[in-house]
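Undergrad: The structure follows.
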Amino acid sequence: MATVRIMFAVTAARIDADNPLDGLEFAERPEPTVPEGWTTVTVKATALNHHDVWTLRGVGIREDRLPIILGCDAAGVDEDGNEVIVHSVIGDPERGGGDETLDPKRSLLSESYDGTFAQKVAVPRRNLVPKPASLSFEEAACLPTAWLTAYRMLFDKAQLQPGSTILVQGAGGGVATAVIALGAAAGYRVWATSRSADKRERALELGADQAFESGARLPERVDAVMETVGEATWSHSLKSLRPGGRIVVSGATSGQVPPADQNRVFFLQLSVVGSTMGTRDQLVRLARFLDVTGVRPRIDRVLPLNQARDGFAAMAAGEVFGKIVFTP
């Protein structure tokens with residue numbers, strides 16, 4: 001009889017929209033089985049995302065999928081001893097016209113398949129990306145979701161040239177801090193907003209040219225807005241754009257049904273562009289960009305995986321600047 005190997009994992013055991021952390025469970029789980037074309041990665045570091053909190057609230061997942069191991073992001077070592085980054089989008093590029101994020105059947109790790117908050121994770125072989133030696137496992141673990149989302153927003157969807165001015169709403173979150181750091185390194189003039197004076201100061205340290213209180217009148221209108229906040233900042237985002245400018249949207253943490261303000265959109269010929277995650281090839285280029293430029297993810301804190309609840313609590317309370325990383 002084959003021996004079943006056990007590993008430690010953090011799972012979503014129940015859904016609770018009002019008290020999401022009540023569904024968080026620490027448990028021993030069997031090590032993953034490996035379908036044909038898949039492989040396993042020994043996780044050295046994994047990063048927390050809002051997606052994990054939303055899962056505990058029941059967003060994007062059915063209750064019959066529970067319990068499921070949480071976590072989208074990981075960096076670790078594959079079965080051949082290679083240091084790798086895990087691309088978290090499970091999809092077929094052919095069904096998506098060459099872009100797996102457009103595959104109508106795509107899934108993220110921890111949606112249809114167990115995620116990365118464990119000692120090992122199973123993924124398709126094509127989802128592994130070489131980790132540059134210059135990046136630590138903790139830094140590399142920040143890339144697959146928040147940093148890849150920021151990379152695609154800036155360098156694919158925004159269609160801007162260096163020297164353009166961008167506004168980043170809600171400086172502090174993983175995507176927002178990534179946009180600031182990447183935009184500054186690429187030659188954009190980056191402005192950021194936050195309700196917190198401390199986070200505005202930290203945004204300047206990351207490379208923002210100026211930082212403003214949320215909703216403040218800007219010195220001039222911007223070429224593009226990077227929007228992840230949603231209802232709370234939507235009106236300000238529209239009013240901050242120059243005629244012909246665009247908003248790139250990748251999230252709505254404060255609510256998803258803001259007033260559309262269609263008169264402003266059509267009269268000023270504004271564009272609203274959606275963006276979700278990024279492709280494996282974009283993750284390769286992102287890792288190379290960090291390797292060449294020396295830009296590094298801002299890590300708020302590193303916690304052992306068995307203390308993951310503290311990280312979830314900090315994210316749910318908005319007490320984060322950058323990424324929270326767990327080490328199994």
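Undergrad: Take every Cα pair under 8 Å in the chain that's 6+ residues apart, average their separations, divide by the length, and report that relative contact order as a whole percent.
TA: The value is 18 percent.
Undergrad: Further question on the same structure: Given a Förster radius of 51 Å and the C-beta distance between Glu36 and Leu218 as r, what FRET efficiency does 1/(1 + (r/R0)^6) yield to the nearest 0.05?
TA: 0.40
Undergrad: Right, next: Per DSSP H run of at least 4 residues, take -39500 (n - 2.57); add these up for the chain, divide by its residues and hand me the 222 nm value, nearest 500 deg cm²/dmol.
TA: -6500 deg cm²/dmol
Undergrad: Stretch Glu94-Trp54 to full length: gain in nm at 0.36 nm per residue minus the Cα-Cα span?
TA: 11.5 nm
Undergrad: Near the amide H of Leu70, under 5 Å away, which other amide H atoms are found, from residues 5 or more places off or on another chain, if H is placed in the peptide plane?
TA: Correct list: Val10, Thr11, Ala12, Gly115, Phe117.
Undergrad: Sort the stretch 147-274 into rounded, prolate or oblate with this rule: let a ≥ b ≥ c be the square roots of the eigenvalues of the Cα gyration tensor; rounded if a/c is under 1.5, and if a/c is not under 1.5, prolate when a/b is larger than b/c, oblate otherwise.
TA: It is rounded, given that a/c, with a ≥ b ≥ c, falls under 1.5.
Undergrad: I would also like to ask the following. For labels at Ser271 and Arg125 in the simple 7 Å Cα→Cβ model, what's the distance in nm?
TA: Those two pseudo-labels are separated by 3.9 nm.
Undergrad: Once fully extended, how much extra length lies between Thr327 and Lys239, figured as 0.36 nm per residue of separation less the alpha-carbon to alpha-carbon distance?
TA: Full extension from Thr327 to Lys239 adds 27.5 nm.
Undergrad: Another question, if that's okay. Which of Leu204, Asn263, Ala118 sits farthest toward the positive end of the charge dipole of the chain, with +1 on the Cβ of Lys and Arg and -1 on the Cβ of Asp and Glu?
TA: Toward the positive end, the furthest listed residue is Asn263.
Undergrad: Additional query: Using only alpha carbon pairs under 8 Å that are at least six residues apart, calculate the relative contact order of the stretch 147-274 and give it in whole percent.
TA: 23 percent
Undergrad: Starting from 0.36 nm per residue, how many nanometres of slack lie between Ile6 and Gln210 once their C-alpha separation is accounted for?
TA: 68.4 nm
Undergrad: For the chain, compute Rh as the Kirkwood radius over C-alpha pairs and then the Stokes-Einstein diffusion coefficient at 25 °C and 0.890 mPa s; write the answer in µm²/s, rounded to an integer.
TA: The estimated diffusion coefficient comes to 122 µm²/s.
Undergrad: Could I ask something else about it? Ranked from highest to lowest mean number of other Cβ atoms within 10 Å per residue, what is the order of the peptides 163-169, 233-239, 53-59, 113-119?
TA: Descending packing order for the listed peptides: 113-119, 163-169, 233-239, 53-59.
Undergrad: May I pose another question? Dipole size in debye (nearest 20) for the stretch 147-274 around its Cα centre, Lys and Arg Cβ +1, Asp and Glu Cβ -1?
TA: Approximately 180 debye in magnitude.
Undergrad: Under 29 Å between alpha carbons: how many lysine pairs meet that in the chain, if sequence neighbours fewer than 8 apart on the same chain are excluded?
TA: Lysine pairs, 8 or more places apart or on different chains, close enough: 18.
Undergrad: Tilt of helix 280-293 relative to the longest C-alpha principal axis of the chain, in degrees (0 to 90, nearest 10)?
TA: Once rounded, one gets 70 degrees.
Undergrad: Where nothing but the Cβ of Lys and Arg (+1) and of Asp and Glu (-1) is charged, how large is the charge dipole of the chain around its Cα centre, in debye to the nearest 20?
TA: My answer is approximately 780 debye.
Undergrad: What is the Cα centroid distance between the stretch 129-175 and the stretch 232-254, reported in whole angstrom?
TA: First find each Cα centre; the distance between them is then 18 Å.
Undergrad: Here's something else I'd like to know. Would you calculate the separation in nanometres between label points at Asp64 and Asn263, each defined as 7 Å from the Cα along the Cα-to-beta-carbon direction?
TA: If labels sit at Asp64 and Asn263, their model points lie 4.8 nm apart.
Undergrad: For the stretch 206-328, what is the relative contact order in percent, using Cα pairs closer than 8 Å and at least 6 residues apart in sequence?
TA: 18 percent.
Undergrad: I'd like to know which of Thr177, Gln159, Val77 lies farthest towards the positive end of the charge dipole of the chain, counting +1 on Cβ of Lys and Arg and -1 on Cβ of Asp and Glu.
TA: Working it through, the farthest residue towards the positive pole turns out to be Gln159.
Undergrad: Still on this structure: Are there GluC sites (Glu not before Pro) in the stretch 10-98 that DSSP puts in a loop and that have at most 13 other Cβ atoms within 10 Å, and which ones?
TA: Glu36, Glu79, Glu94
Values quoted throughout were computed directly from the atomic coordinates according to the rules given, and no laboratory measurement underlies them. Just so it is clear, the structure is predicted and the values come from calculations on it, not from any experiment. Please note: Cβ atoms are built from the backbone with ideal geometry, for glycine as well, and neighbour counts cover all protein chains shown.
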